[in-house]
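In what follows, a single structure is set out as structure tokens and then discussed.
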Amino acid sequence: MPLTHSRRPDLLDPPTLARLGGLELLARQVVEGFLMGLHRSPHRGFSAEFAELRNYQPGDDLRYIDWRMYARSDRFFVKQFEEETNLRAHLLLDISASMAWSSRPDELPPKLWYAKLVAAALSLVLIRQGDTVGLTTFHDEIVTRLQARGGPRQWAEIVHRLDAAEPGGRTRPQAGLRDIATRLRRRGLVVLLSDLLVDREETLTALRFLRHRGHEVLVLHVIDPGERELPPAADVRFFDPESDEELRINAADVREDYRAAVTEAIDEWRRSLVPDGIDYHVLDTDRPLALALRAYLRKRERLG
Amino acid sequence: MGILAPAGLLLGLAIAVPVLLHLLHRPQRDRVAFPALQYLFRMERDHARQIRMRQSLLLALRLALLLLLTLAAARTVLRGTGAAHPPTAVVVILDNSMSAGRVVGDGRVLDTLKARARETLELAGPGDRFWIVRGGNAWETVTPLAARAALTRVAETEVVDTRADLTAAVARAEEILARSGAARGEIHLLSDLQASALPPRARPAAGTPGLADAATRDTPAPVVVWTGSRAGEPNGFVRDVVLGGGLPPRAGRRTEVAVIIGGEGEERGVRLLVAGRLEGAVRSQPGASVVLPAGPFTEGPLEAEVEIDPDALRADDRFLIRTDVVPPPSVVRLGAIGDFLAAALDLLEEGGRIRPGTPTGADVVVAADGVVPSALAPGQHLVVVPPADPARRPALSRQLAALGAAIEIPATRAGGSRVAADETGSGLEGTTVHRVGGVVLRGPGRAWVTLEDGTVWAASAPATSGGEIVVLGSPLDLEHSEIPIAAGMVPLVEWISARGGGTAPGRMHAGDTLRVSSRATAIESPSGTRHPVDGTLEFRATREAGIWSVLAGDTLLERVALNTPPRESLLQPIDPSLLPVRLGAPVIEAATANRWRARIFTARRGRELWRPLLFLAFVALLVESWVAASGSATPPSDRATADDIRARHP
């Protein structure tokens with residue numbers, strides 16, 4: 001069944017998407033749906049040498065259908081090209097304990113699930129574009145490090161690593177950022193996927209250091225909608241699952257102030273990052289993944 | 001402010017119960033995982049002061065809301081002047097005793113008290129009834145009055161020279177209220193509250209009819225007490241004047257006048273005036289006594305006056321003396337009167353205070369050892385010293401009865417005792433009497449000396465001769481008593497002798513009952529007002545200090561000096577905290593005119609405040625909601641329970 005606009009996986013809300021299948025399948029569907037959308041858009045620009053044919057899949061660019069093969073076999077084949085690698089990208093995924101949290105576990109996937117899906121989808125897009133992609137997962141230390149490579153196998157490895165990533169520990173992205181800064185010899189793209197419940201100044205310093213080394217940096221701030229609003233109960237003790245810090249507060253009395261504090265914190269991230277040339281996007285886990293992919297695409301466009 | 005439905009105040013407690021239960025049984029707050037805690041910390045850091053202020057405001061608003069609802073449920077009323085009250089029976093005790101004549105500023109204490117009484121009456125409702133009990137006029141009967149008549153009674157009230165017993169006045173007021181049948185009663189006590197006027201209240205014996213005890217009534221009438229005139233000040237006064245050592249002055253002989261100045265304050269001038277002429281003067285400190293020589297005087301009535309320099313309370317700055325200057329009485333001795341009595345009589349004879357007389361012509365017959373004349377000359381007095389042998393006493397009693405004196409000398413002999421009260425003025429109190437038969441009055445007469453065991457040792461009774469028969473309870477020898485060697489022996493013998501030679505001036509005070517002879521038709525006050533004598537032969541309305549005249553038509557029968565009561569001169573205000581105990585009734589104090597107006601008519605109902613209170617509660621509720629909403633964007637209906645949160649965020 002052809003994908004219609006309303007059924008494109010990249011536009012589905014994450015709760016619905018989460019019911020469709022595993023990470024690899026979902027990422028592929030999301031990317032293909034996303035690329036199908038791009039098909040109608042003016043954004044083009046891949047250049048590659050022909051390598052092989054493969055079966056057509058929904059979302060494939062119709063320009064690359066081999067009509068001769070269609071005439072001979074009555075089946076659609078798409079021409080595969082030997083892609084030129086023009087970008088070295090590295091995904092930095094926060095797998096701290098806070099990322100495993102969901103404000104509505106019955107309805108909304110955890111932030112980590114959302115971030116994994118975004119990472120897988122971005123990886124697929126990057127690899128299909130002929131870029132190399134690396135992956136680092138971290139909490140207060142680096143858990144997984146996968147060097148940037150291209151090709152379908154790399155993507156399968158990335159998906160495998162993402163599937164295996166278990167949440168835990170506290171969020172300290174600066175170690176991962178500095179590790180990448182020392183390891184990436186060529187300038188590339190660094191994508192940080194985190195809920196940014198971190199030490200602000202240290203993280204900013206590490207991100208600016210990356211930028212200073214000439215890397216393009218994209219920060220995708222994953223937020224659960226339940227973090228924007230206090231829970232509806234009034235008389236509770238809140239504790240941080242990472243630090244076990246506790247705060248007694250009457251939520252009903254401070255709800256408005258809390259909302260303002262979250263907005264101010266997000267604005268502050270934006271004000272701190274954008275002037276340094278660091279792209280910053282907020283990803284609400286109840287919003288479609290296409291927003292994340294679009295953010296990447298805009299960045300990629302500027303990179304040329 | 002007042003409360004019409006005190007039970008409504010329980011609402012406040014009722015509201016507190018669930019709050020307390022909630023606090024007592026509140027489980028540990030639910031612990032909920034929330035990774036974005038740093039945003040909360042940030043919010044706390046940025047808005048801590050604002051949050052605290054809002055929370056304080058919310059607490060205040062919620063408490064105010066509960067308070068307003070409680071006050072509304074309790075039907076709070078605003079007391080104010082002019083507000084109506086249910087019909088009330090009011091006894092106004094207006095203290096016009098001597099101390100109320102003290103000058104304070106431009107007026108007297110009584111003027112202030114009358115002003116408060118007028119305020120009471122001006123707030124009267126149409127159904128109110130008033131009794132005006134004047135504290136200094138204990139003899140007055142009181143009747144219920146309408147407010148207008150009560151105003152007139154208050155206006156015509158003047159200071160009298162008597163002393164007030166406010167405790168008795170309150171008891172009397174309670175009795176009036178109890179008998180009035182009024183559903184609601186109040187007592188308004190207007191006084192300068194001198195401690196001497198407020199003795200502890202005596203409880204009536206069980207089953208005593210009459211006076212109602214406030215403590216035993218279900219709802220004792222409140223006593224609203226004016227405490228705004230309590231300020232005391234030093235007051236000097238003439239406490240006592242003793243003429244001739246307590247003995248009547250004798251014609252042609254000089255005497256001495258001892259003046260005791262009471263109270264406190266500065267040195268005062270003391271003057272003795274006889275018939276308006278200055279007889280002597282001296283200066284003295286209050287608390288001291290001075291002696292002024294006087295005389296000699298001619299035979300006849302003597303009226304003298306001692307005065308000191310005036311102070312704020314002037315009525316007690318003078319003391320009046322009324323006595324008779326008489327020749328020494330003639331005394332005859334019958335029987336074996338004993339060495340001590342004989343020596344005393346000899347001494348008085350040598351001093352010219354008595355004269356020897358004959359059995360038929362003597363003023364006084366002193367009879368001892370059971371020897372008694374069979375008859376007495378007209379006006380002749382008899383003094384009887386009983387025989388030592390108890391067996392002879394019944395015969396003596398029969399002889400006395402034959403002379404008209406209903407006095408019995410018992411044959412039994414009692415044990416020893418001490419003199420408890422000596423009204424002869426001889427100072428025998430404390431003197432031991434070893435063996436005593438005692439004296440029993442069987443008819444009209446008077447006990448003069450009483451022992452601690454209640455035995456009467458000396459008594460007198462009228463005789464048919466027109467004189468008086470004085471009987472002692474034991475012989476005057478050392479076997480029976482220590483009186484013969486006591487300092488009071490000679491004064492006692494002179495007092496005995498003086499039966500026939502005039503009497504020492506008595507001590508009577510304004511307010512005492514004046515007993516008059518059956519011939520009296522009128523009594524004239526010192527200011528010249530004549531009062532007819534009624535059939536009781538008693539006159540109680542002795543309101544003025546001065547010389548009172550007892551008249552039979554236009555004939556002067558007797559003149560009596562009444563002085564101000566010394567206790568009334570002790571200007572020591574009582575501690576208001578003692579009032580409930582002294583008065584035996586619930587007390588409401590008022591020290592200013594405004595408080596007086598606000599506190600009288602305790603059942604007065606002002607405007608009820610439940611409407612404005614509910615309105616204010618509604619406003620408080622709106623403000624509370626607005627303030628609470630400013631910190632919470634989630635409507636209450638969207639709020640989940642803590643259990644919901646825990647389920648969602650395990």
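What's the Kirkwood radius of the range A:164-304 in Å, using all Cα pairs?
The Cα-based Kirkwood calculation yields 16.8 Å.
Give me the extension gain from B:Arg398 to B:Leu347: residue separation times 0.36 nm, minus the current Cα-Cα distance, reported in nm with one decimal.
15.1 nm
Roughly how large, in nm² to one decimal, is the mean projection of the convex hull of the alpha-carbon atoms in the range A:108-199?
Mean orientational projected area (the range A:108-199, Cα hull): 6.0 nm².
In nanometres, what is the gap between the two model label sites at B:Ser180 and B:Arg515, each 7 Å from Cα along Cα-to-Cβ?
Result: 3.6 nm between the two label points.
How far apart, in nm, are the 7 Å Cα→Cβ label points at B:Arg559 and B:Ser577?
Computed distance between label sites B:Arg559 and B:Ser577 equals 5.2 nm.
Using R₀ = 25 Å, calculate the FRET efficiency as 1/(1 + (r/R₀)^6) where r is the Cβ-Cβ separation of A:Asp199 and A:Glu141; round to 0.05.
0.95
Between B:Asn594 and B:Leu622, how high is the FRET efficiency from 1/(1 + (r/R0)^6) when r is the Cβ-Cβ distance and R₀ = 51 Å? Nearest 0.05.
0.90
With everything on Cα atoms, drop me the angle between helix B:610-630 and the longest principal axis of chain B, reported from 0 to 90° to the nearest 10.
40 degrees
Got a sec? How would B:Glu524, B:Glu479 order by Cβ neighbour count within 10 Å, fewest to most?
The fewest-first ordering by Cβ neighbours comes to B:Glu479, B:Glu524.
Return the Rg/Rh ratio of the range B:127-179 with Cα-based radii and a Kirkwood Rh.
Result for the range B:127-179 is an Rg/Rh of 0.96.
Computed over the Cα atoms of the range B:343-467, what is the ratio Rg over Rh, Rh following Kirkwood?
A ratio of 0.96.
Taking 8 Å as the Cα distance limit and 6 or more residues as the minimum spacing, I'd like the relative contact order of chain B as a percentage.
17 percent
Pulled fully out, how much extra length does the chain show between B:Ala375 and B:Thr152, if you take 0.36 nm times their separation in residues and subtract their Cα-Cα distance?
Stretched out fully, the B:Ala375 to B:Thr152 stretch lengthens by 74.3 nm.
In terms of Cα to Cα distance under 16 Å, which aspartates and glutamates are near enough to A:Lys111, apart from those fewer than 8 places away along the same chain?
Output for A:Lys111: A:Asp13, A:Asp94, A:Asp163, A:Glu166, A:Asp195, A:Asp224, A:Glu227, A:Glu229, A:Asp240, A:Glu242, A:Asp284, A:Asp286.
How many nm separate the modelled label positions at A:Phe76 and B:Ser289, each set 7 Å beyond the Cα in the direction of the Cβ?
Inter-label distance under the simple model: 14.1 nm.
For the modelled label position 7 Å from the Cα of A:Leu247 along Cα-to-Cβ, which residues of the range A:169-197 have backbone nitrogen atoms closer than 15 Å?
Backbone N within reach: A:197.
Please order A:Arg185, B:Arg230 by the number of other Cβ within 10 Å, starting at the fewest.
A:Arg185, B:Arg230
Is there a simple number for the mean count of other chain Cβ atoms within 10 Å of the Cβ of residues in A:222-231, and what is it?
For this peptide, the per-residue mean of nearby foreign Cβ atoms is 4.
Every number in this text was worked out from the coordinates using simple rules, so none of it is lab data. Source: prediction; values computed, not measured. No Cβ is skipped: glycine too gets one built from the backbone with ideal geometry, and neighbour counts run over all protein chains shown.
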